[in-house]
Amino acid sequence: MSTPTIARSVRSDLRSVAGLSDALRPAVMQLARRLRQVRADAVELTPTQLSAMGVLARNDDQPIGALAAAEKVAAPSMTRTVNALEERGLVVRAPDPNDRRQSRVSLTPAGRELLLANRRRRSEWLAQRIAELDPEDKEVLRRAVGIFERITDK
């Protein structure tokens with residue numbers, strides 16, 4: 001008598017919330033990991049650096065403290081990240097007009113282009129995989145977009 005594998009026991013329980021969660025979590029994590037691996041060829045950046053640049057792209061310039069809070073890291077860690085990005089010419093610091101003791105960080109044109117190139121490459125990779133799906137699976141993914149957005153907004 002063989003014992004069922006973990007994957008099989010999870011798959012057989014997809015109707016329960018716990019089973020669906022156990023099956024969905026690794027699938028989403030694997031997709032996210034694969035998307036992080038698809039990058040523009042130009043400059044190798046860490047996931048932390050790319051994420052910080054993404055925050056700056058969405059929220060314009062930010063004080064380092066706000067950037068650290070958005071990324072849920074300590075300010076000294078974000079300072080090291082910003083220093084590395086600044087050395088590569090991807091971000092620039094400017095004095096905060098309201099508090100000269102602080103500086104605000106923003107993307108340079110080169111930083112914005114690199115971030116956009118990464119996004120384009122990831123979107124192209126994902127679009128190629130989605131194009132291979134049958135129409136029913138594509139419709140499921142269309143519906144899943146809103147569901148994932150509701151889950152992450154909580």
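Any read-out appearing in this document is the output of simple, stated calculations on the displayed coordinates, not a laboratory observation. Since we're looking at a predicted model, the values are computed, not measured. Note that each Cβ is placed from the backbone with ideal geometry, even for glycine, and that neighbours are counted across all protein chains shown.
Quick notes on this one:
- Neighbour-limited loop hits for GluC sites (Glu not before Pro), segment 16-104 (at most 14 other Cβ within 10 Å; DSSP other than H, G, I, E, B): Glu44
- In this calculation the C-beta distance from Arg80 to Val145 is compared with R0 = 30 Å, giving a FRET efficiency of 0.30.
- Most mobile listed residue (Arg36, Arg100, Arg120) in the chain, GNM with C-alpha springs under 10 Å: Arg100
- Under-5 Å amide H pairs with Ser103, H placed in peptide plane, nonlocal only: Ile64, Asp96
- Among Met53, Met78, Met29, residue whose mean-square fluctuation peaks in a GNM of the chain (springs only between Cα atoms under 10 Å): Met29
- Å³ per residue enclosed by the Cα convex hull of segment 13-102: 130 Å³
- Residue by residue, segment 86-92 carries 3J(HN,Hα) couplings of 5, 4, 8, x, 9, 9, 9 Hz when phi is fed to the Karplus relation 6.51 cos²θ - 1.76 cosθ + 1.60 (θ = phi - 60°); x denotes Gly or Pro.
- Per-residue ³J(HN,Hα) for segment 97-112, Karplus 6.51 cos²θ - 1.76 cosθ + 1.60, θ = phi - 60°, Hz, x for Gly and Pro: x, 8, 8, 5, 6, 10, 10, 10, 10, 9, 6, 8, x, 5, x, 5
- Each residue, Asp13 and Val38, gets one label point 7 Å from its Cα in the Cβ direction; the gap between the two is 3.2 nm.
- Neighbour-count order for Lys138, Lys72, fewest beta carbons within 10 angstrom listed first: Lys72, Lys138
- Spin-label model, Arg112 to Leu20: label points 7 Å out along the Cα-to-beta-carbon direction sit 4.1 nm apart.
- Taken about its Cα centre, the chain carries a charge dipole of about 200 debye when Lys and Arg each add +1 at the Cβ and Asp and Glu each add -1 at the Cβ.
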